[in-house]
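Contents: one structure, followed by commentary.
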Amino acid sequence: MHSLYAFLTGSMVWVSVLLFLGGSVYSLVSRAVMARKMDKMVYSYFSLHYALRSIFHWVIPYAARNWRLHPLFTFVTFTFHICLIWTPLVLFAHVGLFYEAWGFSWWFIPDLAGDVCAGLVLACCLFFLGRRLFLRDVRYLSTASDYVMLALVAAPYLTGMWAHRQWPGHETALLLHVFSGELLLALIPFTKLGHMLFFLFTRGYIGSEFGAVRHARDW
Amino acid sequence: MTDEIGAPRGHIKDVGIETGAARLTPEIIRKTALRMLHEEAGARLRTYLDICVRCGLCSNACHYYNSMGGDPTYSPAGKVKETLSVIMAKNGRVDVEFMKKACEIAFTECNLCRRCAMYCPLGIDTATMMLFVRRLCHKLGMVPQYIQDTAHSHSATMNQMWVKEDEWIDSLQWQENEAREEVPDLRIPLEKEGADVFYSVIGPEPKFRAQLIYQAAVIFHKAGVNWTMPATPGWDNSDMCMYTGDMEMMSRLKKLHFETALRLRAKRIVMGECGHAFRSVYDMGNRALGWRYPPVPVIHAIDFFHEILTQGKIKVAQKYEKPVTIHDPCNIVRGRGLHEKLREAVGMLCETVIEMEPNREHNYCCAAGGGVINCGPPFKMKRVLGARVKGDQLMEVHKKGGVTCIAPCHNCHGGLEDILHHYKIPMDLKFLGDIIYQCMEK
């Protein structure tokens, strides 16, 4: 088990980071090249001003009308995305690993706050699962891969809490935590999780079209 | 043609779709789809499909979804799921029945109104994907008969309504004669070079709404506008080819339109009160021709009316007394942000305005746009049922005392007429030009 742990926290970290970074660069660059060939208007009409105007309105909770029409969803999705991204970056256990490996660290949150954030991510995942199961339109739209994605996203947070809280089987949970985290990171560029990479461009482009060409708001 | 008004989806028989489908085989579909996927499915389309997380936030953006009791197959993402997602996932290996259904969805259940693009947090433009499906249907020779007939008219006559060249000139002279009884020195200047305004209209105006040309002539005359209309093809700014997916023909139409304005060395094109034509000239046709923006400045009638009203070139003799509401046409609101100018113009002309909610960029489409009304009688009832939320909005206005709905778009007029009739809402419909003509000092 120790050698497996060493493998997962050693080579596999690099593999997952390289897959994430390499895959992200490949996805973005290949789409940019494809757009240059087949969607020339993207370059013609893309406007930094209007792209940022649009993005700004969509990253502020309740700034867009559709956020206001879905107040609970908006609260949950912002909580989810903030906790999902920031918790692993500022978790004491993760910062500590960096310190041990490379001798530097940064601001971190207390363990309890980490557990709360992980718990929030899991609660949000349950909310999203509930939407997929019980909302007629979302249930219809959902495919098997959407449920798998949800499980993949929840896994590192569930196993992380499990390991940290030293619940029975925590040693296995720790291995699963590291593995699922790495898997999640590596899959971002190759799955629907890629919306994390492309959001700025798709929202930015439609914002440019609405702002620069159509002189209309898009939020 | 079997006219099964009110029939559920998939049971409406349209001769254009049926005849086209009868010539298809899965192999033809696959070859055509593969070629299109290879040549035309670019980064935007693929990224939209890749990143849609199927959250359902676009559902309530769609008037069809809202009007059809929350049937998820009418949600924007649902329509993509039923059509393009499958075509892409299966690399075009779909059967004829699938394509018939995809054709019906893309042509008659999406107005390409782009409201869902506004409501998607990721900015996914479903209209682009529905247009892709329509273009595939066009390439397969499977398009609803009525709109295809219109596209044929465009190809043969360069106008939407099979209007012959001499009939066009006759119609203008007829309207000039009529108008001169009211304003003796009025002219409808034809082929005048160097005019400030090249006025273009859609095919239905000379065909059956000729009074709009009369009214425009009176307004231009009284405002002292230096204007002209062409006596040659190129006068029609409308474009159903844009909506059938015949982008080559769309380009020919726009090229002729721009070249006619350039031949007459007009300073700018002013377009009549039509939404889709404006989209075609201002937004889509110019792109297809390689112009980032139109080669001649293009403004919609609302913009122009606002200009001459605020500059005092038209004086209001008496304001319109009946309470009015304003219908925001998608293509000049989400398509050009003219909602405030429209309201300022209406405010100068009318005593009382009762707003529909939601309005401006968040308006609901009349369900006629995007070529849907042009798909004709077989799909009429589905269109009217798909606009129930617009009917609800109008009914609310009626209950608050609203009498007149101002809708500065031809397609909207067609759609709203059907909505008012079906939902038994006793309101009348006007173009902004109708109101100006009625209220101005002549």
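Every read-out reported here was derived from the displayed coordinates using simple, explicitly stated rules and does not represent laboratory data. From a predicted model like this one, the values you see are computed outputs, not experimental measurements. Don't worry about glycine lacking a Cβ; one is built from the backbone with ideal geometry, like all the others, and counts go over all protein chains shown.
If R0 equals 30 Å, the separation of the Cβ atoms of residue B:71 and residue B:152 corresponds to a calculated FRET efficiency of about 0.35. Within straight-line reach of residue B:192, meaning a Cα separation under 22 Å, sit the following lysines at least 8 residues removed in sequence or on another chain: B:164, B:222, B:254, B:255, B:267, B:313.
Spin-label point model (7 Å from Cα, Cβ direction): what's the residue B:396 to residue B:13 distance in nm? Each label point is offset 7 Å from its Cα along the Cβ direction, giving 4.1 nm. Here the simple spin-label model places points 7 Å from the Cα toward Cβ, and for residue B:170 and residue A:89 these points are separated by 7.2 nm.
Couplings 3J(HN,Hα) for the stretch B:423-438, derived from phi with the Karplus relation 6.51 cos²θ - 1.76 cosθ + 1.60 (θ = phi - 60°), are 8, 6, 10, x, 10, 10, 10, 9, 7, 5, x, 4, 5, 4, 4, 5 Hz, where x marks Gly and Pro.
Dividing the summed helix terms, -39500 (n - 2.57) for each DSSP H run of n ≥ 4, by the number of residues in chain A produces a 222 nm estimate of -25500 deg cm²/dmol to the nearest 500. For residue B:405, nonlocal amide neighbours, meaning residues 5 or more places apart or on other chains whose placed amide H falls under 5 Å from its own, are B:325, B:428, B:429, B:430. Relative contact order for the stretch B:316-439: 33 percent, from Cα pairs under 8 Å spaced at least 6 residues apart, divided by residue count. Between A:144, A:155, A:163, the Gaussian network model of chain A with springs among Cα atoms under 10 angstrom shows the greatest mean-square fluctuation at A:144.
Centroid-to-centroid, using Cα positions, the stretch A:59-74 and the stretch A:87-117 are 31 Å apart. With a Förster radius of 22 Å applied to the beta-carbon distance between residue B:38 and residue A:190, the computed FRET efficiency rounds to 0.50. Within a straight-line Cα-Cα reach of under 16 Å, residue B:390 can be paired with the following lysines, leaving aside sequence neighbours fewer than 8 residues apart in one chain: B:380, B:382, B:399, B:400, B:424. Please report the base-10 log of the normalised intensity I(q)/I(0) for the stretch B:15-143, using a Debye sum with one equal scatterer per alpha carbon and no solvent, at each q in 0.09, 0.11 (1/Å). The computed values of log10 I(q)/I(0) come out as -0.24, -0.35. Taking A:93, A:154, A:118 as the candidate residues, the one with maximal mean-square fluctuation in a Gaussian network model of chain A, Cα springs under 10 Å, is A:93. Converting phi to 3J(HN,Hα) with the Karplus coefficients 6.51, -1.76 and 1.60 and the offset θ = phi - 60°, the stretch B:59-64 yields 3, 6, 7, 9, 5, 5 Hz in sequence order, with x at every glycine or proline. With R₀ fixed at 25 Å, the C-beta to C-beta distance from residue A:59 to residue A:102 puts the FRET efficiency at about 0.20. Given Cα pairs under 8 Å that are at least 6 residues apart, what percent is the relative contact order of chain A? It rounds to 35 percent for chain A. Listed by chain and number, the lysines placed with their C-alpha closer than 19 angstrom to that of residue B:139 are B:31, B:90, B:100, B:101; residues fewer than eight positions away on the same chain are left out.
Taking 0.36 nm per residue of separation and subtracting the current Cα-Cα distance, fully stretching the chain between residue A:133 and residue A:36 would add 30.9 nm. Taking the helices alone, chain B has a mean residue ellipticity at 222 nm of -14500 deg cm²/dmol, built from -39,500 (n - 2.57) per DSSP H run of at least 4 residues and averaged over all its residues. Note on residue B:355 and residue B:31: the model spin-label points, each 7 Å out from Cα along the C-beta direction, lie 5.6 nm apart.
Charge tally around residue B:402: other residues with Cβ under 9 Å, Lys/Arg +1 each, Asp/Glu -1 each, net +2.
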